[in-house]
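Notes for the one structure printed next.
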Amino acid sequence: MKEFRNPKNIHEPVAAYAHQVEVSGQNRWLVMSGQIGKDENGFLPNDAVEQLENALDNIVRNLHAATMEVTDLVKLVFYMVGTIDAPKRGEALSKAFKGHNPCMTLMYVAGLADPSIKVEIDAWACADN
């Protein structure tokens, strides 16, 4: 079982995420390698927002391959080179995750594995057995 919470003794989240997720009972865990912005054909667009959308789609595809859903996501870590407009980032997350708000961390980094990669996302999911 997963319980997503924003404790009253901590500030409100500054975006659409949960401060914590408590997992209990017997569960299946899925830990994904960093998902980058290549589409299903291996194409990497130059635009950072398109890369973000593709990386989010890749997370959803990984979930489905493991017979999991978006609501099973419990933690995301975003690594971004340069900034992406916050409203556009929020729109991409809302579209991909349909209002589900797992725990999230966002880091701006100097670079990723290849200079053309602008976004990488680590994802953890947990489903009840």
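Name the strands (runs of 3 or more DSSP E) wholly within the stretch 1-55 that hold at least 3 residues that are free of Cβ contacts under 8 Å to residues at least 40 places away in the same chain, loosely packed, with under 13 Cβ neighbours inside 10 Å and in contact with a helix residue (DSSP H, G or I) (Cβ under 7 Å, 6 or more places away or on another chain)?
Per the criteria, no element qualifies.
Name the residues in the stretch 31-58 that are among the aliphatic types (A, V, I, L, M) and either over 13 Å from the mean Cα position of the chain (by Cα) or under 21 Å from residue 87 (Cα atoms) (or both), would you? Walk me through how you get there before you give the answer.
Within the stretch 31-58, the first condition is being among the aliphatic types (A, V, I, L, M), and the residues that meet it are 31-32, 36, 44, 48-49, 52, 55-56.
The answer is 36, 44, 48, 49, 52, 55, 56.
When you go through (1) on the phi > 0 side of the Ramachandran plot; (2) part of a helix (DSSP H, G or I); (3) among the polar types (S, T, N, Q) one by one for residue 94, which number turns out not to apply?
(1)
Taking the stretch 72-89, which residues are out of contact with any strand residue (DSSP E or B) (no Cβ under 8 Å at 6 or more places or on another chain) and either modelled with pLDDT of 95 or more or not hydrophobic (A, V, I, L, M, F, W, C) (or both)?
Result: 85, 87, 88, 89.
Within the stretch 114-129, take every residue that is among the small types (Gly, Ala, Ser) and touching a strand residue (DSSP E or B) at 6+ places or on another chain (Cβ under 8 Å) and give me the one that is surrounded by the fewest Cβ atoms within 10 Å (Cβ to Cβ).
Residue satisfying both the conditions and the ranking: 127.
The values are calculated or read from the model by the stated rules, or taken from the named source; none is laboratory data. Nothing here was measured: the structure is a model prediction, and the numbers come from that model. In this analysis, Cβ positions are derived from the backbone assuming ideal geometry, glycine residues included, and neighbour counts consider all displayed protein chains.
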